[in-house]
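One structure below.
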Amino acid sequence: MFNKILIANRGEIACRVMETARAMGVRTVAVYSDADAQAKHVALADEAVHIGAAAPAESYLRGEVIIAAALETGAEAIHPGYGFLSENPDFVEAVEAAGLVFIGPSAKAIRAMGLKDAAKALMEEAGVPVVPGYHGKNQDPEHLAGAADGIGYPVLIKAVAGGGGKGMRLVERPEDFMDALASARGEATTAFGNADVLIEKYVTHPRHVEVQVFGDGTHAVHLFERDCSLQRRHQKVIEEAPAPGMSPEVREAMGQAGVRAAEAIGYKGAGTVEFIVDGSDGLRADGFWFMEMNTRLQVEHPVTEAITGVDLVEWQLRVAAGEALPKRQEQLGITGHAFEARIYAEDVPKGFLPATGTLSHLNFPEEARIDSGVRQGDSISPWYDPMIAKLVVHGPTRAVALKQLERALRHTDIGGTVTNIAFLSQLSAQKDFAGGNVDTGLIERHLEALAEAPVADSSIRAFAAVSALGLVAEDGGPVAGGLVLWTPLVQSISLDHNEARIDARVTVLGQGLYDVDLGETSHRVHFDAGTWWVDQTKVRARTARSGDDLTVFWGNAYGFHVIDPLVREEQAGAAGNLIAAPMPGQVKAVFAEAGQEVKEGDKLAILEAMKMEHSLLAARDGVVAEVLAHAGDQVQDGAPLIRLEDEADEAAA
Ligand code: MV4
């Protein structure tokens with residue numbers, strides 16, 4: 001086994017690889033960019049080498065610099081993770097030329113799968129089913145159109161260098177073929193510098209089922225399948241293993257096809273053979289076709305680990321170090337069912353817009369496996385993929401695992417950025433998905449309902465109001481001495497939620513006992529028997545406050561913005577003579593004295609309330625008539641602090 005390896009990656013996959021390496025007694029070297037100096041993967045490693053600026057092209061894609069870092073630190077091998085340099089055959093050759101081990105397949109195996117037409121021809125030869133179509137060298141448009149007629153419409157035009165749906169066009173009718181071809185070629189040229197295409201029969205109701213394979217360079221085994229049909233714009237959202245509706249016969253056929261694919265290219269290490277399946281009438285042994293092979297460890301590998309009990313990274317290190325495959329095919333089996341949900345910092349209602357932010361709050365349920373490259377307090381930077389974590393559950397049956405997924409999502413609290421958790425929760429409760437009727441169009445068909453922002457009901461709003469007033473203590477109980485002298489019996493608070501205003505009047509009936517009037521409804525919020533209640537419902541919520549932002553985690557993360565009472569006063573046009581305390585608190589400083597001229601916006605006093613400092617500003621130009629409060633005073637909501645001279649008097653003076 002290696003003594004030391006370098007991980008040429010960042011984020012969750014770098015952390016994932018390091019955890020197994022550490023468990024195997026292998027020392028680890030991290031590499032990091034300017035943006036990642038404080039990152040979790042750097043903290044986890046035994047050593048770390050800075051490799052450049054934040055942009056991937058200036059750090060994580062600099063093969064030569066990474067190889068130099070490995071040589072310098074005495075690492076014997078490089079683990080590429082996924083993305084970045086993981087499927088770059090030139091990098092593999094450079095690593096080997098430097099006398100290091102690349103933990104993955106040979107450059108030759110990667111190249112064999114790099115272009116779709118050559119890969120298809122190779123697979124056909126190896127006896128792996130491929131989608132009927134034309135993948136020859138003749139790129140003459142008339143010839144391709146003729147091939148499409150022969151295949152039968154609808155057909156799919158695919159760029160041979162393509163990936164992720166780029167350079168792909170669905171053509172329903174012969175008369176549309178030439179335009180679609182020109183457009184696919186144009187896109188392929190721009191994206192890949194290669195205009196070549198292939199033509200395929202279009203598989204309706206496609207499902208994406210992939211087989212995990214593992215090779216030693218000669219022989220391969222498979223670790224069964226994963227279903228990754230729940231995608232949006234070619235981004236996987238929830239993956240599972242095994243595939244719903246899979247039979248032993250189809251599994252055997254697919255697994256064998258995966259093994260043939262891997263052995264045909266002398267595959268070494270972890271790889272995935274992707275199949276497209278016609279899901280319109282169940283899975284059939286003659287109803288799956290090779291799509292492409294991913295020559296790396298994939299994001300969704302944990303679901304396979306969950307059902308097989310295999311640590312795929314351990315296998316990667318062992319095989320790369322020259323050991324035999326740890327298990328034979330007949331020693332591998334499936335236990336239970338697993339799901340993985342990808343938690344992203346993204347604004348789903350705004351079209352899945354990637355988001356950034358500092359993770360002020362990061363709390364995961366104990367019962368799930370969490371693969372994450374960030375910790376509480378870390379930032380999601382705009383430089384890299386905004387994935388926060390992969391949440392993986394494993395249960396005895398699909399139904400149980402799905403319930404575990406729903407529960408784990410409900411108990412994941414992330415504050416400081418918007419996330420797709422509500423979307424994942426709604427998806428995990430979706431009927432077709434729950435029934436195992438998955439296909440690649442499911443998300444798009446139900447997008448409107450799935451992407452809706454969750455709206456807090458009045459119980460959640462009432463609890464948010466009490467929390468926003470600072471009446472919920474750090475430890476989750478009611479604030480101690482909730483009836484201190486200066487606390488008024490009725491307090492108002494305004495919150496923005498989901499682009500609407502909530503005005504609440506909270507009446508203090510006793511410590512930990514409040515009546516919350518929301519206008520249309522009112523609720524009794526109380527603390528009893530060690531927990532908060534809204535009326536008769538137990539509050540299963542956590543709250544996180546960061547400045548004026550309040551997040552209430554109650555099944556979903558509901559975001560509230562606390563409207564500063566001072567701003568509220570200004571909005572009400574209160575520009576009279578008195579500058580009053582907008583809320584109860586302690587006067588920290590007064591910057592005005594009688595006779596002083598002030599301008600609108602001048603800071604006249606600071607009030608500390610609800611653990612925050614509030615600046616009290618002059619609402620208009622004027623002259624200070626009287627200072628009514630002094631630093632250190634406890635004041636009530638509405639207490640006059642500074643009085644200005646009447647405008648009429650000033651004009652007269
Ligand atoms: C297909 C197909 C239907 N018929 N090929 C999309 C990306 C690329 N990897 C292959 N893709 C597809 N190829 C034939 N002959 C439908 C898709 C497809 C798809 C495949 C897997 C997962 C999600 C998808 C979403 C849209 C289309």
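Every number here is computed from the coordinates shown, using simple stated rules; none is lab data. The model shown is predicted, which means the values in this text are computed figures rather than measured ones. Here Cβ is always computed from backbone atoms with ideal geometry, including for glycine, and neighbour counts include all displayed protein chains.
See the values below:
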item: Helix-only CD estimate at 222 nm, as mean residue ellipticity for the chain, using -39500 (n - 2.57) per DSSP H run (n ≥ 4); result: -7500 deg cm²/dmol
item: Cα-projected label distance for Met24 with Arg524, points at 7 Å along beta-carbon direction, nm; result: 6.2
item: Dmax and Rg, reported as Rg then Dmax, of segment 79-225 (C-alpha, Å); result: 17.5, 56
item: Extreme residue, positive dipole direction of the chain, given options Pro302, Phe288, Ala453 (C-beta unit charges); result: Phe288
item: Amide H partners (placed H, <5 Å) of Ala580, local residues excluded; result: Leu641
item: Neighbour-count ranking [beta-carbon atoms within 10 angstrom, fewest first] of Arg233, Arg260; result: Arg233, Arg260
item: Farthest toward positive dipole pole in segment 207-253 [+1 Lys/Arg, -1 Asp/Glu at C-beta], among Cys228, Val250, Thr218; result: Cys228
item: Largest to smallest principal axis extent of the C-alpha atoms in the chain, angstrom; result: 98, 58, 54
item: Dipole-positive endmost among Tyr202, Met123, Ala68 within the chain (Cβ charges, Cα centre); result: Met123
item: R0 of 35 Å, Cβ-Cβ distance Thr537-Gln636: FRET efficiency to nearest 0.05; result: 0.60
item: Rounded to the nearest 20 debye, dipole of segment 192-293 from Cβ charges on Lys, Arg, Asp, Glu; result: 240
item: Rounded tilt (10° steps) of 398-410 against the dominant C-alpha axis of the chain; result: 30
item: Using alpha-carbon coordinates, inclination of helix 458-468 to the longest axis of the chain, degrees; result: 60
item: Footprinting exposure proxy for Thr190, Thr507, Thr308 (fewest neighbouring C-beta atoms within 10 Å first); result: Thr190, Thr507, Thr308
item: Nearest-ten-degree value, helix 248-264 long axis tilted from longest Cα axis of the chain; result: 70
item: Extension gain, Asp34 back to Glu64 (0.36 nm per residue minus Cα-Cα distance, nm); result: 9.0 nm
item: Leu353 paired with Asp385, simple spin-label distance in nm, labels 7 Å along Cα-to-beta-carbon; result: 2.3
item: Of the trypsin sites (Lys or Arg not before Pro) in segment 450-553, those whose Cβ has at most 14 other Cβ within 10 Å and which sit in DSSP loop; result: Arg540
item: Rg over Rh, two decimals, segment 185-283 (C-alpha only, Kirkwood Rh); result: 1.03
item: Under-5 Å amide H pairs with His614, H placed in peptide plane, nonlocal only; result: Leu607, Glu608, Ala609
item: Label-reachable residues, segment 428-467, where backbone N falls under 18 Å from a point 7 Å from Tyr82's Cα toward its Cβ; result: 440
item: Normalised contact order of segment 69-220, rounded percent, pairs of Cα under 8 Å and 6 or more residues apart; result: 18
item: Neighbour-count ranking [beta-carbon atoms within 10 angstrom, fewest first] of Lys158, Lys108, Lys390; result: Lys108, Lys390, Lys158
item: Hull volume in cubic angstrom per residue (convex hull over the Cα atoms of segment 243-355); result: 153
item: Size of charge dipole - the chain - debye, nearest 20, with Cβ of Lys, Arg +1 and Asp, Glu -1, no other charges; result: 1980
item: Stretchable slack from Asn363 to Thr189, in nm (0.36 nm times residue separation minus alpha-carbon distance); result: 58.1 nm
item: Extension gain from Leu513 to Lys166, taking 0.36 nm per residue of separation minus the Cα-Cα distance; result: 119.0 nm
item: Subset of Lys166/Lys327; Lys116/Lys268; Lys350/Lys390; Lys268/Lys390; Lys166/Lys350 violating a 28 Å alpha-carbon distance limit; result: Lys166/Lys327
item: Dipole in debye (nearest 20) - segment 384-428, about Cα centre, beta carbon charges: Lys, Arg +1; Asp, Glu -1; result: 220
item: Calculated FRET efficiency for the pair Lys327/Ala54, C-beta based, R₀ 45 Å, to 0.05; result: 0.65
